[in-house]
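FYI, it's all coordinate maths here, none of it is from the lab. Remember, it's a predicted structure, so these values are computed and weren't measured experimentally. Positions of Cβ are backbone-derived with ideal geometry, glycine not excepted, and every protein chain shown enters the neighbour counts.
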Amino acid sequence: MELAAAVLRFLVYLFVSLIGLAVLAAAVMYVVDRSQTKHAIRRNFPVVGRFRYMFEHLGEFFRQYFFALDREEMPFNRAERSWVYRAAKGIDNTVAFGSTRDLRRVGTVIFANTAYPTLEEDSVPPNAYIIGPYARKPYGTDRFFHISGMSYGAISKPAVQALAHGARKAGCWYNTGEGGLSPYHLEAGCDIVYQIGTAKYGVRNGDGGFDDDKLRAMAEHKQVRMFEIKLSQGAKPGKGGILPGVKVSEEVAAIRGIPVGEDSISPNRHPEITDAASLLDMINHVREVTGKPVGFKVVMGGFCWLRDLFEEVNRRGIESAPDFITVDSGDGGTGAAPQPLIDNVGLPVRESLPKVVDELRHYGLRDRVMVIASGKLIGPEYVAGAICAGADFVVSARGFMFALGCIQALQCNKNTCPTGITTHDPKLQRGLVPEDKAERVYRYQRSIEKEVGVIAHSCGAQRPRELERRHCRIVQEDGLSVPMDELMPDRQDGRSSS
């Protein structure tokens, strides 16, 4: 009894102490709020006004889990994310009762199934495509879905390791992003696309130009199969890469050749590239030094510059052409970008991709230049739609982030990612186990290619790359769909309309 009474007295004392501390804290906050001049709400409504900022912060999380419908979130809704999660985990991805997708919305893609779909025994595996036939070491792959650029620094060490090992098992390539080549990209033995951003991290000299010895050193890695010159990306066209200083660790700084803890801001463009001729000069220089295929990544705004480029290619000879063009979408993702750019600049890939393909056809370069589609293409319907529009390959970054376990917390630029994907905080990275997540990367990649094949077979094609614009219909304002080949006819003999 005495022990119970003592415990009770202690609990009462603790409770009263906590109440006293709470009152004292509220009094201190009251004085601070009334005297500060930065926040009008807190000055007029001390203590209570603080809840406004807390609710504003928590609102995005409550909306995601409790209030938003399955198909209405941005940038990716719950239905899209859930499909990726299930695919990556290898669990049943079938659904029952009926679709939750509104097929009447303008822009909705509907695939035109045939009365005589392809039988399982008639289907054939994806065909291999060769990129860079004029390079000393061309690259061939039969995979059509790959990992888009994600820099070490923007994402964490265990995230890079998981992606690299997953790519190796799936047989797809992994784009380094503009942050240079880390040991974690190489350790798994996967195929790598080395992206050269405007700061040329990893291959730059003291003046910010190319160091050819460093270029050759990168090319000596057998895993580095291609080089991609980044002109722009969909999330921030006209703006270089942004890596907040809080994410520039000693190792990241050493790989990039930049100061520790300082914001890493890349130039808005490559200073050497001012027109079509200088762009081709850079492409051919990198291809000559490395001996490997070279292309460029761009988000489209207009098309006149592209026509100038193709005309210059035809003047110089077809061997001078870029080996591939990665067409990024104006709604692409990034770790950090100015909101005016991420919201308002750059054409979405659904508009720009078919026009780029048409321009290549017009100038007789379609068979020479491979086309890679990028930007929010995380599900089989988006990948199949891009192939219908003319893409040879599709790449995704955020889809593979979801496969790693990303919950769309929107903390990529703050080093506080709760899943360990975009943070360098060891405590948060601990939650991401590369061995487990590599399996999820592998399963997601294979699930995409399998489900795109299911769509292709429904349309009567034997394999995904046989999908054409006639297989895809797009819903218009009147609620009726129109075939893509009528909206965007393949212009073999004339220029695109814009």
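Suppose R0 equals 30 Å. What FRET efficiency, 1/(1 + (r/R0)^6) with r the Cβ-Cβ distance, do residue 275 and residue 344 give to the nearest 0.05?
0.70
Throw me the Rg/Rh for the range 120-487, computed over C-alpha atoms with Kirkwood Rh, two decimals. All intermediate terms of the calculation are to be shown ahead of the outcome.
Details: Rg = 19.6 Å, Rh = 20.7 Å.
With Rg and the Kirkwood Rh in hand, the quotient comes to 0.95.
Find the cysteines in the chain that fail to meet the 4.7 Å Cβ criterion with every other cysteine, and list them.
172, 190, 304, 406, 412, 417, 459
Given R₀ = 45 Å, what would the calculated FRET efficiency be for residue 262 paired with residue 119, taking r from the Cβ atoms and rounding to 0.05? Mind showing how you got there, number by number?
On the way: r = 60 Å, r/R0 = 1.33.
Computed FRET efficiency for residue 262 and residue 119: 0.15.
Could you pull out which residues in the range 240-279 have an amide N less than 14 Å from a spot 7 Å beyond the Cα of residue 205, following the Cα-Cβ vector?
So the set is 272.
Take the Cβ-Cβ distance between residue 427 and residue 37 as r, set R0 to 41 Å, and report the resulting FRET efficiency rounded to the nearest 0.05. Spell out each step's value before the answer.
On the way: r = 36 Å, r/R0 = 0.87.
Calculated value: 0.70.
Determine the gain in length on full extension of the stretch residue 314-residue 478; use 0.36 nm per residue of separation and subtract their C-alpha separation, reporting nm with one decimal.
Net length gain for the segment: 54.8 nm.
If I take every Cα pair under 8 Å that is 6 or more residues apart in the chain, average their sequence separation and divide by the length, what percent do I get for the relative contact order? Don't jump to the answer; show the numbers that get you there.
On the way: 948 pairs, mean separation 95.8, N = 498.
For the chain, the relative contact order is 19 percent.
Could you sort the peptides 291-299, 397-405 by per-residue average Cβ neighbour count (10 Å cutoff), highest mean leading? If you can, show how the numbers build up before the last one.
Numbers: 291-299: 24.2, 397-405: 26.4.
Ranked from most to least packed, the peptides come out as 397-405, 291-299.
What lysines does residue 200 reach when the alpha-carbon gap must be under 16 Å and sequence neighbours fewer than 8 apart in one chain are set aside?
List returned: 214, 230, 239, 297.
How charged is the neighbourhood of residue 245? Take every other residue with its Cβ under 10 Å from the Cβ of residue 245, and add Lys/Arg as +1 and Asp/Glu as -1.
On the way: positive: 247; negative: 262, 263.
Neighbour charge sum, excluding residue 245 itself: -1.
If you count, for each residue, the other Cβ atoms within 10 Å and average over each peptide, how do 182-190, 318-326 line up from highest to lowest? Can you show the working numbers first?
Numbers: 182-190: 18.2, 318-326: 21.9.
For the peptides 182-190, 318-326, the packing ranking is 318-326, 182-190.
I need the peptides 270-277, 381-388 ranked by packing, meaning the mean over residues of other C-beta atoms within 10 angstrom, with the highest value on top.
On the way: 270-277: 15.1, 381-388: 26.4.
Packing order, densest peptide first, comes out as 381-388, 270-277.
Counting each DSSP H run of 4 or more residues in the chain as -39500 (n - 2.57), what helix-only mean residue ellipticity at 222 nm follows after dividing by all residues, to the nearest 500 deg cm²/dmol?
Only helices count here, giving -12000 deg cm²/dmol.
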